Amino acid sequence: MAHLIEIRDMYKIYAIGDEPVHALDGVSLTVDDGEFVAIMGSSGSGKSTMLNILGCLDVPTKGSYLLDGIEVARRTPTELAHIRNRKLGFVFQNFNLLPRTSALENVELPDLYRGRLNVRERRRRAMELLARVGLRGRERHTPAQLSGGQQQRVAIARALMNNPPVVFADEPTGNLDTKSSIEIMNLFTELSNEGITIVMVTHEDDIAAYAKRHVVMRDGRVMRDDRGEGGRKTTEQVSQLVKEALA
Amino acid sequence: MNLLTIFKVALKSLGRNPVRSFLSCLGIGIGIVAVILAMAIGQGAKTMMVKEISSMGNNLVMVFPERRRTGAVSGGMGQGQTMTAKDAEAIKKELAHLVQGVSPQVRTSVQMMYGAKNWAGNVQGVSTDVLMISNWTVTDGRFFTADEERACARVCAIGTTVRANLFADDENPVGKTIRLKNMTFRVIGVLGSKGANNWGQDQDDVVMAPYTSVQRYLQRSKFQNINMMNLSLITMDDLEEARREVTSLLRQRHHLADYQDNDFETRDTTEIMNTIGSVTGIVGVLLLIFSVITLIVGGIGIMNIMLVSVTERIKEIGLRMSIGATPLSILTQFCLEAIVLATVGGAAGVAVGIGASYAVGALAGWPVLVEVSSAVYAFLISSVVGLFFGFYPAYRASKLNPIDCLRYE
Ligand SMILES: Nc1ncnc2c1ncn2[C@@H]1O[C@H](COP(=O)(O)OP(=O)(O)OP(=O)(O)O)[C@@H](O)[C@H]1O
Ligand SMILES: [Mg+2]
């Protein structure tokens with residue numbers, strides 16, 4: 001069966017100064033439908049770089065990327081925009097909501113660019129999604145009127161607006177306190193249980209413990225890829241796994 | 001994403017920053033106000049001049065004797081000694097199919113007296129046709145008749161300036177006898193006021209008497225010269241033919257051989273109109289340059305604001321791209337923002353400009369004329385300016401990489 005995501009021998013090289021930086025140094029990785037993957041590794045190991053390429057926000061210097069069986073590594077900006085809009089959802093560390101715009105309008109945005117629903121349907125779906133992430137009654141709030149955890153939920157609702165098969169999250173709990181982090185991770189777990197594929201970057205072991213599969217990177221390479229055959233891991237097991245991988 | 005949605009997005013973005021939107025409208029708005037105002041005043045001035053020129057006379061053609069070129073001395077226009085009242089009569093008789101009225105004109109400045117009052121002014125010797133030719137009216141009494149003209153009667157009609165200087169306000173001049181150069185003339189009428197002409201000359205400072213009487217009693221010259229004659233054509237369509245026929249008739253009467261030049265010249269108001277036309281044409285070109293400059297300045301203002309806006313909202317651009325905004329929709333959004341700014345500025349400018357035009361017109365007593373077309377053009381042009389100057393910032397925004405925008409610090 002074809003993989004949902006398949007990257008092969010991928011490089012991202014930044015030519016800054018004399019020494020080119022290999023942010024990705026020949027990475028190969030596949031992700032199947034319904035997986036919940038945590039990408040881990042020390043700072044500067046290339047986690048964000050890889051996630052941005054997977055999310056079609058960036059293009060690799062070299063290598064191939066098949067998304068749903070289609071090559072997307074060499075596409076025009078417009079084609080990439082369509083792919084992001086229809087197939088991918090994004091959750092950022094700093095939420096990235098439109099300021100001075102209501103939660104509802106923020107959630108509606110992806111369909112505004114797609115134009116699949118009419119005004120009423122779009123509004124209804126956005127309301128449903130906000131209720132789904134526990135923000136019923138906060139639809140008219142602007143980001144400034146919401147807590148960090150609530151803003152991140154708006155961002156998750158927005159990522160789900162166009163029903164993407166996969167959601168990418170780059171340190172989604174990086175700006176949140178422990179309580180909000182747990183709520184957000186519970187939400188991701190529910191989404192995963194509903195069959196949505198989730199690829200998440202984190203360097204916190206307890207956050208990574210929510211994922212089923214753990215990929216550990218160093219210096220632009222995948223050092224360890226644990227598919228979690230032994231069942232869900234505890235935080236301690238994750239720490240152990242990372243330590244081993246980077247030893 | 002369809003155009004309407006992008007338009008709404010653009011409006012929303014502008015609404016999020018009302019002060020800045022207002023300020024960026026301001027430049028183009030003021031430009032448009034200036035353009036509308038200048039065009040209105042220019043148009044008003046032109047209409048006023050055209051109106052005055054046509055008030056000079058009815059299908060008017062003027063014939064002047066040629067200045068004498070013999071000898072070293074050259075007299076002014078109308079000082080030649082070649083044209084007589086007989087020429088005028090001949091034109092009236094022989095060119096009746098073209099000309100509805102002919103009036104010879106002799107001019108002399110005299111001292112006028114009534115009782116103890118004194119006034120130095122002009123006497124015009126004319127024929128009865130002058131009323132029709134030059135649109136004069138008589139408000140009190142009457143004008144002289146053809147019989148009086150033939151009989152060299154010492155009668156005259158006076159302009160309002162002369163009346164004011166010789167008579168008390170409550171005195172009726174009609175029937176009174178005044179002295180012109182020590183000859184007594186009876187006042188038989190008062191002319192309706194015409195005011196100052198284009199050159200600021202008071203047209204009401206005049207006494208009109210039959211040319212025959214002026215020649216006989218005031219000029220006492222042995223020649224029968226006239227200073228000029230005024231013709232009124234039946235229709236201006238015949239202008240060329242009339243000039244040709246007048247010329248050939250006068251050449252024949254003056255016994256000019258083929259090799260000799262005309263000893264007279266004809267003038268008509270179309271020439272003056274053309275001069276006015278070319279002057280207002282130049283003014284129009286200046287206005288156009290002025291407009292283009294103000295619009296460029298306004299446009300650069302908008303471009304500046306849009307460039308700042310793109311940099312300032314780079315995270316927003318990255319975010320929109322990350323959830324699926326195509327380069328085209330980003331381009332369209334920012335172009336529309338610029339167009340909306342320019343058009344709103346332009347529309348406000350049109351409204352204020354029209355208001356200001358009428359205010360200036362009312363305050364300065366200067367006629368203004370706001371043409372609907374100029375308002376429509378101003379409106380359309382401001383949106384084109386918005387597109388033109390908004391395109392570059394919008395294009396830059398659309399070419400950004402989503403990841404660079406999201407990472408921008
Ligand atoms: N735009 C860029 N220009 C130059 N170098 C870059 C750029 N983006 C990333 N890099 C480099 O690529 C490497 C990987 O960066 P990346 O952001 O993927 O790390 P990371 O694993 O996400 O780290 P962190 O955990 O701190 O977020 C780093 O060495 C970084 O300096
Ligand atoms: Mg990172």
Looking only at the range B:168-203, which residues are surrounded by 19 or more Cβ atoms within 10 Å (Cβ to Cβ) and more than 22 Å from B:Glu148 (Cβ to Cβ)? B:Lys194
Among the residues of the range A:214-237, are any away from chain B (no Cβ under 14 Å), part of a loop (DSSP other than H, G, I, E, B), within 16 Å of ligand 2 (Cβ to nearest atom) and within 26 Å of A:Ile53 (Cβ to Cβ)? yes
What's the total number of residues in the range B:122-133 that are open to solvent by 10 Å² or more (accessible area, probe 1.4 Å) and assigned to a strand (DSSP E or B)? 2
Could you look through the range A:2-45, keep only residues that are crowded, with 22+ Cβ neighbours inside 10 Å and within 14 Å of another protein chain (Cβ to nearest Cβ), and pick out the one that is nearest to ligand 1 (Cβ to nearest atom)? A:Ala23
In the range A:62-96, which residue that is in contact (Cβ under 8 Å) with a residue 40 or more places away in the chain and facing chain B (nearest Cβ under 8 Å) is surrounded by the most Cβ atoms within 10 Å (Cβ to Cβ)? A:Phe90
Of the residues B:Leu400, B:Leu331, B:Leu406, which is in a loop (DSSP other than H, G, I, E, B) and either at pLDDT 95 or above or within 16 Å of ligand 1 (Cβ to nearest atom) (or both)? B:Leu400
All but one of (1) within 26 Å of the chain's Cα centre (by Cα); (2) within 14 Å of another protein chain (Cβ to nearest Cβ) hold for B:Ile323, so report the exception by its number. (1)
Residue check, A:Asp111 surrounded by 18 or more Cβ atoms within 10 Å (Cβ to Cβ), within 21 Å of the chain's Cα centre (by Cα), of a type in the set (Asp, Glu) and within 16 Å of ligand 1 (Cβ to nearest atom): no
Looking at the range A:61-71, is at least one residue within 13 Å of ligand 1 (Cβ to nearest atom) and touching a helix residue (DSSP H, G or I) at 6+ places or on another chain (Cβ under 8 Å)? no
So how many residues does the range A:46-59 have that are more than 10 Å from ligand 2 (Cβ to nearest atom) and open to solvent by less than 10 Å² (accessible area, probe 1.4 Å)? 5
Would you mind stating whether B:Thr311 is loosely packed, with under 15 Cβ neighbours inside 10 Å and under 25 Å from A:Tyr113 (Cβ atoms)? yes
Checking B:Arg142 against (1) without any contact (Cβ under 8 Å) to a residue 60 or more places away in the chain; (2) buried (at least 16 other Cβ atoms within 10 Å of the Cβ), which single condition isn't satisfied? (2)
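The values are calculated or read from the model by the stated rules, or taken from the named source; none is laboratory data. Note that this is a predicted model, so its numbers are computed, not measured. Backbone-built Cβ (ideal geometry, glycine too); neighbour counts: all protein chains shown. Keep in mind that these areas ignore ligands, DNA and RNA; they rest on the heavy atoms of the full protein, side chains included. Shrake-Rupley method; radii C 1.70, N 1.55, O 1.52, S 1.80 Å.
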